[in-house]
Amino acid sequence: MTTITVCMGSSCYSKGNSQNAEIIQRFIKNNNLTDTVVVKGSLCSEQCKLGPNIKINDKFFSNVLPETIEGLLERELGINK
Ligand code: FES
């Protein structure tokens, strides 16, 4: 099971994670990953300056933008396009 944790603190949320959360949900659905990937929200982890921040399992990703998140998901989840 892969866990994607999206920071829902106000800074990350307004910088892009509101959109990122939707893109992640759609990506999981479109790639039939609903049985293997779960998405969670987290509170601010005091790294707002780096945001928007997400984690995939224990790996931390900063400055994750809605324009580029799909490429990151493809890479990290091993989706070949
Ligand atoms: S809001 Fe995401 S680290 Fe602070």
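Any read-out appearing in this document is the output of simple, stated calculations on the displayed coordinates, not a laboratory observation. What you see is a predicted model, and the numbers here were worked out from it, not measured in a lab. Here Cβ is always computed from backbone atoms with ideal geometry, including for glycine, and neighbour counts include all displayed protein chains.
Structure data summary
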item: Filter result for GLY51 (within 15 Å of the ligand (Cβ to nearest atom), among the small types (Gly, Ala, Ser) and within 10 Å of the chain's Cα centre (by Cα)); result: no
item: Filter result (more than 11 Å from the ligand (Cβ to nearest atom) and farther than 16 Å from ILE23 by Cβ) within region 56-68; result: ASN57, ASP58, LYS59
item: Number of positions in region 3-19 that are assigned to a strand (DSSP E or B) and surrounded by 14 or more Cβ atoms within 10 Å (Cβ to Cβ); result: 4
item: Of all residues in region 20-48 being assigned to a helix (DSSP H, G or I) and within 16 Å of the ligand (Cβ to nearest atom), the one that is surrounded by the most Cβ atoms within 10 Å (Cβ to Cβ); result: ASN20
item: Count of residues meeting criterion [more than 18 Å from GLY9 (Cα to Cα) and of a type in the set (Val, Ile, Thr)] in region 50-68; result: 1
item: Single condition ILE54 does not satisfy, out of (1) surrounded by fewer than 16 Cβ atoms within 10 Å (Cβ to Cβ); (2) hydrophobic (A, V, I, L, M, F, W, C); (3) touching a Ser or Thr at 6+ places or on another chain (Cβ under 7 Å); result: (1)
